[in-house]
Amino acid sequence: MKMIYTVLFLAALGAGGWWLWESNSQLSTVVGQYIDNGEIQTLQARYTVEKVMEQHEKELLGDGERSYHKSELKFHPYAMMDVKYSAPDRKTKEGVILWGLVDGEMVVNCETWEKTHGFEDTINASANRNDFKVLNALAKNKGKLSMESLQSELQVEQDVLQPWLESVKQKHLVVQKGNDVQLHFQNPKLFVTPQSKISECLVTKPFSHAQKISRRYSTSQIEKIALAAFGQDFTIRTTKEVFLPVYSIEIMNPDGSILTTYWNAVNGKRITPHYLSQVE
């Protein structure tokens, strides 16, 4: 009997540890720092700090009243998923999706670094496949539909639609104003092809732990929301973590204060950090 209790205790301990690992991406990130082999896969940087400074000298230094202080390279984590899905013509397509593990948004085009807007909210709300049926129907129609139009778009009975609608309302993903239902995001961008336009090569680089930005979301969270968003014909074959190299460039103002700007090392464009910690 004592042996049975011991086995049950160890099983419960293992299950609890697995849940804690999956639900706390910060914990897994911290532990991962100690078992990492010191190399990461990153998108290949096409710009150096010197090239960024040269191309944006006026923006960064003005008319000479400001001066270069220092720069630093950081690596922002992304999930790279090898996927299959059905196109509108019902043909099977294969591609790659790049999805931010800090901001929870998918990269639509790696050349411009255009991204979705709204997926982070759906991750935080634990949106499911039925939630996305409503969200996608609204996204396809400029974010807003009447109740009758929404029901017609989804081709379901009222008794089926109503619990779906209540779910997304309770999760603060949509709002209802009278007879109209609309997405509860500013400038939403959810209804996209499940494929990132990407031509950059991956390279392996050594790194120091201080260079890696901590992720907010795990790859399993990203996979779960992608499967919910893109329908039953969408499947993920493999997922791996890759990184975007980002320069922070510090400029000294005439009064001695420091202005810090952030630059995508792949396309050389300035990026706006989300609360100074994520790429948009």
FRET efficiency estimate (nearest 0.05) - Cβ-Cβ, D233 to Q176, R0 35 angstrom: 0.70
Note, the range 189-197: 3J(HN,Hα) by Karplus (6.51, -1.76, 1.60, θ = phi - 60°), whole Hz, Gly/Pro = x, goes 9, 10, 7, 10, 5, x, 7, 8, 7
Inter-site label distance for H69 and E54 at 7 Å from Cα along Cβ, in nm: 2.5
Links exceeding 26 Å between C-alpha atoms in this model, out of K189/K212; K144/K197; K144/K240; K142/K269; K224/K269; K74/K269, come to K189/K212; K144/K197; K144/K240; K142/K269; K224/K269
Answer rounded, prolate or oblate for the range 117-191, using the Cα gyration tensor with square roots of eigenvalues a ≥ b ≥ c: rounded when a/c is under 1.5, else prolate when a/b is larger than b/c, else oblate. prolate
When Lys and Arg each count +1 and Asp and Glu each count -1, what net charge do the other residues less than 9 Å away from K189, Cβ to Cβ, add up to? -1
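We did not get these values from a lab; they are worked out from the coordinates using the rules stated. Remember, predicted model here, so these are calculated numbers, not experimental data. Here the Cβ is made from the backbone with ideal geometry for all residues, glycine too, and neighbour counts use every protein chain on show.
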